[in-house]
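The values are calculated or read from the model by the stated rules, or taken from the named source; none is laboratory data. Computed from a predicted structure; not experimentally measured. Glycine also receives a Cβ, built like all others from the backbone with ideal geometry; neighbour counts cover every protein chain displayed.
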Amino acid sequence: MARYQPRHARSISRRRRLVAASAVVVLAGALTAGLVAGPADAATPRVLRLGKVDSVFDNSTFHGVIAFQKVNGLGRDGVVGPMTRAKLARPAAPRVIVRRSGSSLEINLSRQVMIYARGGGVVRIFDISSGSGRLYTVDGQTRRAVTPTGNFHVTRKINAWRTSKLGRLYRPAYFYGGYAVHGSWSVPAYPVSHGCVRVTIAVMDRLYNGIPVGLPVKVYR
């Protein structure tokens, strides 16, 4: 789960820049996919954390890097290559669209990311896969796979796997009719769903208790 905790941040603007960097651990020294560099230089506050720190470049790390690349308009390959590494020095500073006193979800379909916000600030950022825009047929009706935009709320949740006519949904949190934020084993770096918002299984497990019924959900492009 993309949780950003910049170390030695000296200003609000600095924290906003740092919050965008999405690798499980990004250190001031060299970083290679699959490896974590040596001790960070305290004078260079670039240590960011997303989830547990275990020196392993696993699936969560990969999706963290994808989220960072999406936010910063980079190629989405999940690799900390030269361009991604260079962007870590001056990452984009994502902000919420609607400032609220409590918690909320904001889903950016253009960037394919979802922000978990609290008190008007960014707490976590996740990579997602939303509606593909392609046509599909179910029950004899042909529809287009589009994720609806607008202001919604979580209306119901299922704390289990649910099998629908369009596939399996892990711990879905519905926000508009049959549209839900849910876990999936397949979360590519591009839109591919029938309209739901896919996140990884690990993300849904960490997120589930933090998205109660009634939670505001904003979906936009």
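Tell me which residues, restricted to the stretch 73-87, are in a loop (DSSP other than H, G, I, E, B) and farther than 24 Å from residue 193 by Cα. Don't jump to the end; show me each part of the working.
First, the residues of the stretch 73-87 that are in a loop (DSSP other than H, G, I, E, B): 73-81.
Answer for the stretch 73-87, where residues must be in a loop (DSSP other than H, G, I, E, B) and farther than 24 Å from residue 193 by Cα: 80, 81.
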Looking only at the stretch 114-131, and only at residues there that are surrounded by 22 or more Cβ atoms within 10 Å (Cβ to Cβ) and of a type in the set (Ser, Thr, Tyr), the one that is farthest from residue 71 (Cα to Cα)
130
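Is at least one residue of the stretch 77-84 small (Gly, Ala, Ser) and touching a strand residue (DSSP E or B) at 6+ places or on another chain (Cβ under 9 Å)?
To start, the set of residues in the stretch 77-84 that are small (Gly, Ala, Ser) comprises 78, 81.
Okay, now just the ones that are also touching a strand residue (DSSP E or B) at 6+ places or on another chain (Cβ under 9 Å), so none.
The answer is no, given that none of the residues of the stretch 77-84 is small (Gly, Ala, Ser) and touching a strand residue (DSSP E or B) at 6+ places or on another chain (Cβ under 9 Å).
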Please work out if residue 110 is among the hydroxyl-bearing types (Ser, Thr, Tyr) and surrounded by 17 or more Cβ atoms within 10 Å (Cβ to Cβ).
no
Name the residue, out of 138, 146, that is assigned by TED's automatic domain parsing to the domain that holds residue 200 and either under 20 Å from residue 66 (Cβ atoms) or surrounded by 14 or more Cβ atoms within 10 Å (Cβ to Cβ) (or both).
146
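Okay, residues lined up against (1) in a loop (DSSP other than H, G, I, E, B); (2) at pLDDT below 95; (3) of a type in the set (Lys, Arg); (4) touching a Gly at 6+ places or on another chain (Cβ under 9 Å):
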| position | (1), (2), (3), (4) |
| --- | --- |
| 101 | yes, yes, no, yes |
| 105 | no, no, no, no |
| 110 | yes, no, no, no |
| 116 | no, no, no, yes |
| 136 | no, no, no, no |
| 142 | no, no, no, no |
| 147 | yes, no, no, yes |
| 159 | yes, no, no, no |
| 162 | no, no, yes, no |
Go over the candidates 90, 46, 124, 95 one by one and state the one that is outside any loop (DSSP other than H, G, I, E, B), on the phi < 0 side of the Ramachandran plot, among the charged types (D, E, K, R) and modelled with pLDDT under 95.
124
